[in-house]
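Data block below; observations after.
The values are calculated or read from the model by the stated rules, or taken from the named source; none is laboratory data. Everything numeric here is computed off the predicted structure, so don't read it as measured data. Positions of Cβ are generated from backbone atoms using ideal geometry, with glycine treated the same way; all protein chains shown enter the neighbour counts. All accessible areas refer to the heavy atoms of the entire protein, side chains included, with ligands and DNA or RNA removed. Shrake-Rupley method; radii C 1.70, N 1.55, O 1.52, S 1.80 Å.
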Amino acid sequence: MSINCITFNQEHYIVDAIESFLMQKTNFIYEILIGEDCSTDSTKEIVEKYVIKFPKKIRLITSETNVGGRQNSIRLQRESKGKYIALCEGDDYWIDPYKLQKQVDYMEANPECTLCFHASEIIQAPNKRTGRFVKPYNMSKVSPTEDIIVGGGGFCDTATLLYPKILMENPPDFYLNAPVGDYPMQMFLASQGYAYYIDECMSAYRRDVEGSWSSRMNEVATIKENSIKVNEGILHLLDEFNKYTNEEYNNEIEKIKRKLVFELHVLKGRKSYEKTLAGELDWSFKMKIRTKILIKCHFPNHYKKIVGFKDTKIIKMLMV
C-alpha cells in the first residue's frame, strides 16, 4: 500500500497531512511517498525531519528544479511499490485512523472495483470548520461513471481516492496530455471497472489556502482569462475521453460540452453564442450561467462563497 502526497510551500499544513498518514491503523504494511517540489519555505525541512524519524516508512521524492504538480504526481505513482495507491495533497489531511483499512478491505473483497472514494469535510484555511461536506450520495453505493463525468473533478475529493496501482502504470494518452490531473484519472479509473463510494467522512479538504492554485486562479486581474483556459482545457479533455471510450458516455459528455461552450462564448463576449450548440440550453439556465460569470469575474470573493467547493476544486485541478 502506497500513500502519495504532493506538496509545495505548505509549511503550515504538511505536518497535519503526515501525522494523519502515520495514525493509520492497518493489518498491512504501507509506505508514505512525499513529492516535495522545491518549496521556497520550510516544507522540505519539515519533511526531512519526518524521514529521519521514520526512515522505513517515509520516502522523500524531490529534484533540483520545480517540476509542477502534474509531473510531481506522476513521479510518485512511478516510485510507488504498493498494490494500491491512496492520494492526499499536502494541505489536506485524513481524520479517520481506519480510512485505509476500510477502503482496502472493500477493494480486496471486490477486485472488479477500480476506484474507491468517500465523503470529505470542507475546512476553511487555516482550520475553520464550515459544516459543509463533499458528499455526492447519502449512502454507500456504486458510483456510475456517468456521475463522475457530469460531476467534474470536484465530485470526488482528491484526499479520498484509492485505486490499484497497476491501472495507472500505463495510462492512456488523454490522461498524459490533459491539462488537468484528478478529473481524467477519475474518469479513466471508473471506466475500467466501477467506482465505489463509502458514505463516511474520513478526510478534510482545506480550501482557500494562501498561495494555492485555486487562489492564484481567482485573482481579479486574470480571472476571466483563467476561466477561458479552464473551459477550453476541459472541452479538449472530454473530446479525447469520448474517443477513448468509443463514445460510450457521449450523451453525458455532450451535455457538459454545451454548457462549457456557452460559457466560453459569454466570457469572450461573442454575440453568436445563441447559434451554437449551447443555444439548445434552457433560457433560465442560460441566465444562471450569465449571472454566475458576471459574479465570478467582477466579485470573485462573493462567487467563492456562493458556488462553494466544486468550481474551486476544478480550478485547482486545472493548474496541475
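Miscellaneous remarks
- Top-ranked residue in segment 1-32 [being more than 21 Å from the chain's Cα centre (by Cα) and among the polar types (S, T, N, Q); ranked as farthest from LYS83 (Cα to Cα)]: GLN24
- Of everything listed in (1) under 26 Å from ASN251 (Cα atoms); (2) open to solvent by 70 Å² or more (accessible area, probe 1.4 Å); (3) in contact with a helix residue (DSSP H, G or I) (Cβ under 7 Å, 6 or more places away or on another chain), the single unmet condition for LYS83 is (1).
Results for (1) farther than 29 Å from TYR175 by Cβ; (2) touching a helix residue (DSSP H, G or I) at 6+ places or on another chain (Cβ under 6 Å); (3) of a type in the set (S, T, N, Q), shown as yes or no for each residue.
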{"site": "ILE6", "(1), (2), (3)": "no, yes, no"}
{"site": "GLU19", "(1), (2), (3)": "yes, no, no"}
{"site": "ILE29", "(1), (2), (3)": "no, no, no"}
{"site": "GLY35", "(1), (2), (3)": "no, yes, no"}
{"site": "TYR50", "(1), (2), (3)": "yes, yes, no"}
{"site": "LYS56", "(1), (2), (3)": "yes, no, no"}
{"site": "LEU76", "(1), (2), (3)": "no, no, no"}
{"site": "LEU87", "(1), (2), (3)": "no, yes, no"}
{"site": "TYR98", "(1), (2), (3)": "yes, no, no"}
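- Filter result for ARG78 (buried (at least 18 other Cβ atoms within 10 Å of the Cβ) and basic (Lys, Arg)): no
- Test: residue in segment 29-48 that is touching a Pro at 6+ places or on another chain (Cβ under 9 Å), at pLDDT 95 or above, closer than 27 Å to LYS102 by Cβ and hydroxyl-bearing (Ser, Thr, Tyr): no
- Residue in segment 43-57 that is acidic (Asp, Glu) and in contact with a strand residue (DSSP E or B) (Cβ under 6 Å, 6 or more places away or on another chain) present: no
- Selection within segment 105-133: residues that are open to solvent by 10 Å² or more (accessible area, probe 1.4 Å) and aliphatic (A, V, I, L, M). The member of this set that is farthest from ASP37 (Cα to Cα) is ALA109.
- Here VAL150 meets each of (1) at pLDDT 95 or above; (2) farther than 28 Å from GLU210 by Cα with one exception, condition (1).
- Candidate set: segment 135-168, residues that are open to solvent by 10 Å² or more (accessible area, probe 1.4 Å) and β-branched (Val, Ile, Thr); chosen: the one nearest to ASP105 (Cα to Cα): VAL142
- Condition check for ALA178: out of contact with any strand residue (DSSP E or B) (no Cβ under 8 Å at 6 or more places or on another chain) and either touching a residue at least 40 places away in the same chain (Cβ under 8 Å) or more than 29 Å from GLN10 (Cα to Cα) (or both): yes
- Of the candidates GLU210, GLU247, the single residue that is part of a loop (DSSP other than H, G, I, E, B), open to solvent by 60 Å² or more (accessible area, probe 1.4 Å), modelled with pLDDT under 90 and of a type in the set (Asp, Glu) is GLU210.
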